[in-house]
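Student: The following block contains the structure, expressed as structure tokens.
The values are calculated or read from the model by the stated rules, or taken from the named source; none is laboratory data. Keep in mind that this is a model prediction, so the values were computed, not measured. Cβ placement follows ideal geometry from the backbone for every residue including glycine, while neighbour counts extend to all protein chains displayed. When the accessible area is computed, the model is the full protein with side chains, heavy atoms only, and any ligands, DNA or RNA have been set aside. Shrake-Rupley method; radii C 1.70, N 1.55, O 1.52, S 1.80 Å.
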Amino acid sequence: MPSFALDLTLYTTQAVVALVLAALLLHYHRVFGLVSLLQWSRSFALLAVHLVTAWYGIYWHLDNETAPMAVQLLVAAVSQVAVYGHLGFAALGARTSVHGLRKDDPVPGRVLYGALALGLVCALAWSQTGDAHMQRLFMRVGLRYLLGGTCFIAIAVALWRQPNREGLGVRVAAVAMGLFGLQMLHVWAVYLWELKHASSLPWSAFIGIFSLVTEMFAGFSLLIWLLEDERNRANRTDSALKRLRDFDAITGFPNRRRLLSDLTTLLRQTNQRTALLLLRLDQADTLSGSYGVVVLETVMAETANRLEQHARPGWPRPARLSDTRFVQTLPRVTSNAELTAIANDLLATLRIPFYVAGQELSLSASIGIALAATDSGNAEGLIAAAEAAGQRAHDEGGNRFQYFSSEMNTLALTKLGLLGELRQAFTRGELVLYYQPLVAAGFGNRLSGVEALARWQHPQRGLLLPEMFIEELEQLGMIEEFDRHVLAIACREAQDWQQRYGSEISVSVNISTRSFQNQHFAELVRSLLKECGLAPSRLELEVVESGAMDDPARAIQSLSRLRALGVRVMLDDFGTGYSSLSYLRELPVDGLKIDRSFVDDVIERPRDAAIVAATITLAHSLGLEVVVEGIETEPQLAWFSAQKVDRLQGFLFSPPLDRDALRQRLAGRDATLPRAPDSGPVV
Ligand code: C2E
Ligand code: CA
Ligand code: CA
């Protein structure tokens, strides 16, 4: 039989293609976590099983049925159950893609039991029909192709009509499924014709080829669809993240960071004539104290409302600077009289009582005014000036406005007092490192490393946190020297842990943008590592996202050099910077640290939680490690564990520890171990 070899080849190829598709879809299911992909994968795997067993059936048939009946029956049962399972899973895959997955949905169970029953009945019927060749063929081949064809055409229609489709991918998949279905009906018709006329059609030798091609098209169309979908998802998550980052969730107003960037642009355009009104409710503290945060938030939302209603054409939207402070930017102020009128107007609006939760609240506001022309030419400075003026208005009894004046600028002076001492802090050994544990997520939440955090042990003021001096170091041009100093201490200490306690934990060091963008930085790291004999894999560098994005080409070069050393690099404060997820593909980093500010959000705001979850999934799909910092409560831990983040850090496990406390812990002498849910000690 000349077509015998061809048939065998085609069957085998179809089976192999089906297996490859099943494996690919399974892989993408693992990456993206989509249940529909798992269902499609199973569908193709079962198709492969069917093709192989069906081939055995044909082979015996040609061989005059020499195999024992029991074996034939078994093979027939497997073959039939597999093919209806294949259809069942395909239908479920399409259903999940279109409607999503619901809990306690009875349909998948019914479909699969139905497929199982149908397969068994067909196999039994097949064995009972004795020599009736026609009926046997019909049970084995005819019914399967008729049902299969119908099923795939139904899938095609469902995909085509899917309401929330986006892009071309789903259309391609619909067409491919339709063709796959039509080909099955075609096979079915050819079989019927051939049985009836006992001769073959001219093209029947090629039928296997058609089947192979349509099967491949159907399978790969799913992958095309998936890739397109994934890109759309990344873009959606990107813009959602941007919104989250730039706008206040309650009022929808721009937040502080957005205000800063908008204001910077505005100052460049109109410079001299911009004024800032900073508005704060005088009773904010007592409100949250005696009525709770919910009432405070309601009042804030209403305040935002009133501000917006008072905005004049040409003004930017008011911004929410913090929980209780709003800023109205005035782009073109012509006179002080105009400003005074606006401020008085706003004060009057906010004196109108608020009605919240059935109560009447009489409130008042304080307004601080700063002018670009006289007070500060940059956004930060202007906001600070307006804030200082607002504070003064509030301190003087509230319900008033106050222009900024330079004698309010006393804060900078105290800072200056410290600046001189900062230079000496290095040489006096007052800069010390604390170490905060990072644990590997999963069973036991085991200690995997520590983040080195700088502190200034000031002789009079006590322990000063980095927020007090990092910026100042930058201004003094000492930040690179400082980073070197910290790196050297951290590397030496990490090497020491190994020597004393045999501990191989890694140490993470924060690196400022300036250092990181220095061409010679990688070389410096290399020589420091060599000097203290620390394995590069035990050093991790944390760079801030915005820093890496300032000059992407340079960042990529710098990152590549560092990674070539074998040092790991993480993007710190992820989500607060300027980068986008799409851009992340190009940055050669090992992972990212999701910023602390998202940690509260995920528990309190389900919508934000979905964005963070999508970010984690996308990062994983790019092969990046995900670390979360600032875990303070069990629910936060539970949520992030469920998202399968790789490492965790936060007060729930441990605050930053001084050198000796960490050493004690590593030596196993400290019994107060960080907590982890239903598990043993962390260290
Ligand atoms: P970061 O890199 O985001 O560091 C994490 C900060 O979060 C640390 O504050 C840490 O103490 C704090 N933290 C950790 N877990 C929790 C938690 O569960 N809840 C809360 N509320 N906070 C938590 P720290 O030590 O004040 O450091 C602040 C920032 O200073 C760091 O932010 C980092 O950007 C910078 N920094 C610290 N050490 C260095 C250093 O050696 N070099 C450079 N260039 N920057 C440093
Ligand atoms: Ca950090
Ligand atoms: Ca951080």
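Student: Return the total of residues in the range 305-316 being open to solvent by less than 60 Å² (accessible area, probe 1.4 Å) and farther than 24 Å from Leu267 by Cα.
Tutor: Of the residues in that region, 1 qualify.
Student: Further, regarding this structure: Out of all the residues in the range 232-246, is one or more open to solvent by 70 Å² or more (accessible area, probe 1.4 Å) and under 30 Å from Val333 (Cα atoms)?
Tutor: Kept after step one, since they are open to solvent by 70 Å² or more (accessible area, probe 1.4 Å), are these residues of the range 232-246: 235-236, 242-243.
Next, only the ones that are under 30 Å from Val333 (Cα atoms) stay: 243.
Yes, because at least one residue in the range 232-246 is open to solvent by 70 Å² or more (accessible area, probe 1.4 Å) and under 30 Å from Val333 (Cα atoms).
Student: Among the residues of the range 630-653, which ones are within 16 Å of ligand 3 (Cβ to nearest atom), touching a residue at least 40 places away in the same chain (Cβ under 8 Å) and either open to solvent by less than 50 Å² (accessible area, probe 1.4 Å) or in contact with a helix residue (DSSP H, G or I) (Cβ under 8 Å, 6 or more places away or on another chain) (or both)?
Tutor: Phe640, Val645, Arg647, Leu648, Gln649, Gly650, Phe653
Student: Something else: Of (1) within 13 Å of ligand 1 (Cβ to nearest atom); (2) farther than 17 Å from Val567 by Cβ, Asn510 satisfies all except one. Which?
Tutor: (2)
Student: Suppose we filter the range 591-602 for residues that are more than 10 Å from ligand 3 (Cβ to nearest atom), modelled with pLDDT of 85 or more and open to solvent by 10 Å² or more (accessible area, probe 1.4 Å); how many remain?
Tutor: Final tally of qualifying residues: 1.
Student: Let me confirm something: among Ala425, Ala384, Ala388, Ala370, which residue is modelled with pLDDT of 90 or more and aliphatic (A, V, I, L, M)?
Tutor: On the way: Ala425 fails: modelled with pLDDT of 90 or more; Ala384 fails: modelled with pLDDT of 90 or more; Ala388 fails: modelled with pLDDT of 90 or more.
Answer to the check: Ala370.
Student: Let me ask you something else. Of (1) open to solvent by 10 Å² or more (accessible area, probe 1.4 Å); (2) free of Cβ contacts under 8 Å to residues at least 60 places away in the same chain; (3) within 22 Å of Glu230 (Cα to Cα), Ile616 satisfies all except one. Which?
Tutor: That leaves (1) as the condition not met.
Student: If you don't mind, there's one more thing I want to ask. Scan the range 490-507 residue by residue and report those that are more than 12 Å from ligand 1 (Cβ to nearest atom) and under 33 Å from the mean Cα position of the chain (by Cα). Reasoning before the result, please.
Tutor: Taking the range 490-507 first, the residues more than 12 Å from ligand 1 (Cβ to nearest atom) are 491-506.
Within the range 490-507, Cys491, Ala494, Ser503, Glu504, Ile505, Ser506 meet the criteria.
Student: A further question follows. Would you please name the residue that is nearest to ligand 1 (Cβ to nearest atom), looking only at residues in the range 448-464 that are in contact (Cβ under 8 Å) with a residue 12 or more places away in the chain, over 19 Å from Val525 (Cα atoms) and open to solvent by 10 Å² or more (accessible area, probe 1.4 Å)?
Tutor: If we take residues in the range 448-464 being in contact (Cβ under 8 Å) with a residue 12 or more places away in the chain, over 19 Å from Val525 (Cα atoms) and open to solvent by 10 Å² or more (accessible area, probe 1.4 Å), then Arg455 is nearest to ligand 1 (Cβ to nearest atom).
Student: Exactly one condition in (1) open to solvent by 30 Å² or more (accessible area, probe 1.4 Å); (2) away from ligand 2 (no atom under 16 Å from the Cβ); (3) modelled with pLDDT under 90; (4) not in a helix (DSSP H, G or I) is not met by Gly566; state its number.
Tutor: (3)
Student: Mind checking which residues of the range 454-482 are among the β-branched types (Val, Ile, Thr) and more than 16 Å from ligand 3 (Cβ to nearest atom)?
Tutor: The first filter runs over the range 454-482 and keeps only residues among the β-branched types (Val, Ile, Thr), leaving 470, 479.
Matches in the range 454-482: Ile479 only.
Student: Taking the condition of being within 16 Å of ligand 3 (Cβ to nearest atom) and surrounded by fewer than 22 Cβ atoms within 10 Å (Cβ to Cβ), how many residues in the range 548-563 meet it?
Tutor: First, pick out the residues of the range 548-563 that are within 16 Å of ligand 3 (Cβ to nearest atom): 548-549.
Now restrict to residues that are surrounded by fewer than 22 Cβ atoms within 10 Å (Cβ to Cβ): 549.
Adding up the residues that qualify gives 1.
Student: Also, quick follow-up: Mind checking which residues of the range 262-294 are of a type outside the set (Val, Ile, Thr), exposed (fewer than 15 other Cβ atoms within 10 Å of the Cβ) and either without any contact (Cβ under 8 Å) to a residue 60 or more places away in the chain or more than 28 Å from Thr334 (Cβ to Cβ) (or both)?
Tutor: If the condition is that a residue be of a type outside the set (Val, Ile, Thr), exposed (fewer than 15 other Cβ atoms within 10 Å of the Cβ) and either without any contact (Cβ under 8 Å) to a residue 60 or more places away in the chain or more than 28 Å from Thr334 (Cβ to Cβ) (or both), then Arg268, Gln269, Asp285, Gly289, Ser290, Gly292 are the ones that fit.
Student: For the range 331-353, give me each residue that is part of a helix (DSSP H, G or I) and either acidic (Asp, Glu) or under 25 Å from Thr251 (Cα atoms) (or both).
Tutor: Restricting attention to the range 331-353, the residues satisfying the condition of being part of a helix (DSSP H, G or I) are 336-351.
Matches in the range 331-353: Glu338, Leu339, Ile342, Ala343, Asn344, Asp345, Leu346, Leu347, Ala348, Thr349, Leu350, Arg351.
Student: Considering only the range 448-474, state which residues are assigned to a strand (DSSP E or B) and of a type outside the set (D, E, K, R). Let's see the steps before the verdict.
Tutor: At the first step, the residues of the range 448-474 found to be assigned to a strand (DSSP E or B) are 448-458, 462-464.
Those that are assigned to a strand (DSSP E or B) and of a type outside the set (D, E, K, R): Ser448, Gly449, Val450, Ala452, Leu453, Ala454, Trp456, Gln457, His458, Gly462, Leu463, Leu464.
Student: I would also like to ask the following. Which ones in the range 435-447 are surrounded by fewer than 20 Cβ atoms within 10 Å (Cβ to Cβ) and not in a loop (DSSP other than H, G, I, E, B)? Explain how you work it out, then say what you get.
Tutor: Filtering the range 435-447 down to residues surrounded by fewer than 20 Cβ atoms within 10 Å (Cβ to Cβ) leaves 440, 442-444, 446.
Within the range 435-447, just Ala440 meets the criteria.
Student: Where the second residue is open to solvent by 40 Å² or more (accessible area, probe 1.4 Å) and in a helix (DSSP H, G or I) and the first is over 14 Å from Glu586 (Cα atoms) and lies in the range 554-570, which pairs have Cβ atoms under 6 Å and are six or more apart or on separate chains?
Tutor: What qualifies is Leu565/Arg526; Leu565/Pro536; Gly566/Pro536; Gly566/Ser537; Val567/Pro536.
Student: If only one of Leu571, Leu541, Leu584, Leu524 is farther than 30 Å from Ala642 by Cβ and either hydrophobic (A, V, I, L, M, F, W, C) or within 12 Å of ligand 1 (Cβ to nearest atom) (or both), which one is it? Please lay out each step first, then the result.
Tutor: Details: Leu571 fails: farther than 30 Å from Ala642 by Cβ; Leu541 fails: farther than 30 Å from Ala642 by Cβ; Leu584 fails: farther than 30 Å from Ala642 by Cβ.
Criteria check complete, one pass: Leu524.
Student: Ser503 - would you say it is part of a strand (DSSP E or B) and either of a type in the set (S, T, N, Q) or within 22 Å of Ser546 (Cβ to Cβ) (or both)?
Tutor: In short, no.
Student: Would you confirm whether any residue within the range 188-203 is under 27 Å from Leu8 (Cβ atoms) and basic (Lys, Arg)?
Tutor: Taking the range 188-203 and keeping what is under 27 Å from Leu8 (Cβ atoms), we get 188-203.
Retained after the next criterion (residues that are basic (Lys, Arg)): 196.
Yes, because at least one residue in the range 188-203 is under 27 Å from Leu8 (Cβ atoms) and basic (Lys, Arg).
Student: Here's something else I'd like to know. Would you check which residues across the range 465-502 are of a type outside the set (Asp, Glu), surrounded by 18 or more Cβ atoms within 10 Å (Cβ to Cβ) and closer than 25 Å to Phe653 by Cα and list them?
Tutor: Selection gives Val486, Leu487, Ile489, Ala490, Cys491, Ala494, Gln495, Trp497.
Student: Which residues, counting only those in the range 311-330, are part of a loop (DSSP other than H, G, I, E, B) and among the small types (Gly, Ala, Ser)?
Tutor: The first filter runs over the range 311-330 and keeps only residues part of a loop (DSSP other than H, G, I, E, B), leaving 311-318, 323-324.
Within the range 311-330, Ala311, Gly314 qualify.
Student: Let me ask something else about it. Within the range 338-360, identify whether any single residue is of a type in the set (D, E, K, R), modelled with pLDDT under 90 and in contact with a helix residue (DSSP H, G or I) (Cβ under 8 Å, 6 or more places away or on another chain), and answer yes or no. Give the derivation first.
Tutor: Initial filter on the range 338-360 (of a type in the set (D, E, K, R)): 338, 345, 351, 360.
Narrowing the set further to residues that are modelled with pLDDT under 90 leaves 338, 360.
Right, trim to in contact with a helix residue (DSSP H, G or I) (Cβ under 8 Å, 6 or more places away or on another chain) and you get none.
Within the range 338-360, none of the residues are of a type in the set (D, E, K, R), modelled with pLDDT under 90 and in contact with a helix residue (DSSP H, G or I) (Cβ under 8 Å, 6 or more places away or on another chain).
Student: Can you name the number of the only condition in (1) in contact (Cβ under 8 Å) with a residue 40 or more places away in the chain; (2) surrounded by fewer than 19 Cβ atoms within 10 Å (Cβ to Cβ); (3) over 15 Å from the mean Cα position of the chain (by Cα) that Glu625 fails?
Tutor: (3)
Student: Could you figure out which of (1) touching a helix residue (DSSP H, G or I) at 6+ places or on another chain (Cβ under 8 Å); (2) open to solvent by 40 Å² or more (accessible area, probe 1.4 Å); (3) within 21 Å of Phe206 (Cα to Cα) isn't true of Tyr59?
Tutor: Checking Tyr59 against (1) touching a helix residue (DSSP H, G or I) at 6+ places or on another chain (Cβ under 8 Å); (2) open to solvent by 40 Å² or more (accessible area, probe 1.4 Å); (3) within 21 Å of Phe206 (Cα to Cα), the one that fails is (1).
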